[in-house]
Amino acid sequence: MASQLARRGLFLAPAVLLAGCNTVVMNPSGDIASQQGRLIVISTLLMLVIIIPVIALIVLFSWRYRQSNTAATYKPDWDHSTQLELVIWGAPLLIIIALGLLTWISTHTLDPYRPLSRLDANRPIPAGVKPITVEVVALDWKWLFIYPEQGIATVNELAAPVDVPIRFKITASSVMNSFYIPALAGQIYAMPGMETSLHAVINHPGEFEGFSANYSGAGFSDMRFKFHGMTPENFEKWVQSTKAAGGALKRADYVELEKPSVKDPVRRFSAVDADLYHAIVNRCVDPAQACMDKVMSTDLNVKPGSRHE
């Protein structure tokens, strides 16, 4: 009796452990993340079409051809079966073709640089709805979010209205990082001197976890923030409360903010320099430093042979 209970406990242990897992990736609140979750499920099921029969046959063959089963057919000179070869090679080939087509279609449909064409599976984007732009900067070790249209900025706090497309413009201050909100969409790398992009939409109000998914140094583990999905009315209230919070984010303020720190509290800025994000991307927050885009434009337009070596 005790041995039976022990065996049952071993079978139930994984289920108990998994019960505490956060399955937000498979049950997200944004349409892009939902499509990515379905892609994971479909890919897993396609692979299980091969995995389950193989495991079942291994058990069957082990039992049928065990040493004690003298009734099993014994063919020591058997080495080929056309039918078996067709199954062994044909089934995996069909699975690979199906996965290849699924990956190709999904890669284009879920391209993070591609503007959204729908709010969810049943709703297209209504005419006249303008996406909200958020400029994201990965600092050491905190997140800066700039809302250029609203003229505000926040540290370690992000908000967006429900059912409104969001366009994220993402960069980093010093080292490569990764911007990730599991409930919203997949992770996108943030790199200094470069800009990546992500289009997404949140479909349900709530508070969601956001964090860095790429190790970037000592404070990486605490590089987290809260993402608030709000009704349009509540989002407008949040914007107004941020504007009333006081404090402007100028270039000099950014230089101080950029310095490494850990577990920074939420900070809000009622105003932000209009060209701050451009200066961060182009490595010219310091006015004495030439912006990368201007340097590259100058180099591109210099005529061959006109330089003095």
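Residue by residue through segment 220-264, note down the ones that are open to solvent by less than 80 Å² (accessible area, probe 1.4 Å), within 17 Å of Gln150 (Cα to Cα) and part of a loop (DSSP other than H, G, I, E, B). Those that are open to solvent by less than 80 Å² (accessible area, probe 1.4 Å), within 17 Å of Gln150 (Cα to Cα) and part of a loop (DSSP other than H, G, I, E, B): Thr231, Ala245, Gly246, Gly247. Within segment 173-195, is even one residue more than 18 Å from the chain's Cα centre (by Cα), of a type in the set (Asp, Glu) and not in a strand (DSSP E or B)? The answer is no, given that none of the residues of segment 173-195 is more than 18 Å from the chain's Cα centre (by Cα), of a type in the set (Asp, Glu) and not in a strand (DSSP E or B). Looking across segment 78-123, just one residue is touching a residue at least 12 places away in the same chain (Cβ under 8 Å) and among the aromatic types (Phe, Trp, Tyr), and that is Tyr113. Pairs linking a residue in segment 124-152 that is within 25 Å of Ser261 (Cα to Cα) and part of a strand (DSSP E or B) to a residue that is open to solvent by 10 Å² or more (accessible area, probe 1.4 Å) and of a type in the set (A, V, I, L, M), with Cβ atoms under 6 Å and 6 or more positions apart or on different chains, are Ile146/Val272. Going by the structure shown, is Ser62 in a helix (DSSP H, G or I) and of a type outside the set (A, V, I, L, M, F, W, C)? So Ser62 passes the test.
Residue-level check: of (1) modelled with pLDDT under 95; (2) open to solvent by less than 20 Å² (accessible area, probe 1.4 Å), Phe168 misses just (1).
Does Asn203 meet the test of being open to solvent by less than 40 Å² (accessible area, probe 1.4 Å) and in contact with a Gly (Cβ under 8 Å, 6 or more places away or on another chain)? Talk me through it step by step, then tell me what you get.
Details: open to solvent by less than 40 Å² (accessible area, probe 1.4 Å): yes; in contact with a Gly (Cβ under 8 Å, 6 or more places away or on another chain): yes.
It is true that Asn203 is open to solvent by less than 40 Å² (accessible area, probe 1.4 Å) and in contact with a Gly (Cβ under 8 Å, 6 or more places away or on another chain).
The values are calculated or read from the model by the stated rules, or taken from the named source; none is laboratory data. Since this is a predicted model, take the numbers as computed values, not measurements. Neighbour counts run over all protein chains shown; Cβ positions are idealised from the backbone, glycine included. Just so you know, the surface numbers come from the protein's heavy atoms only, side chains and all, with ligands and any DNA or RNA stripped out. Shrake-Rupley method; radii C 1.70, N 1.55, O 1.52, S 1.80 Å.
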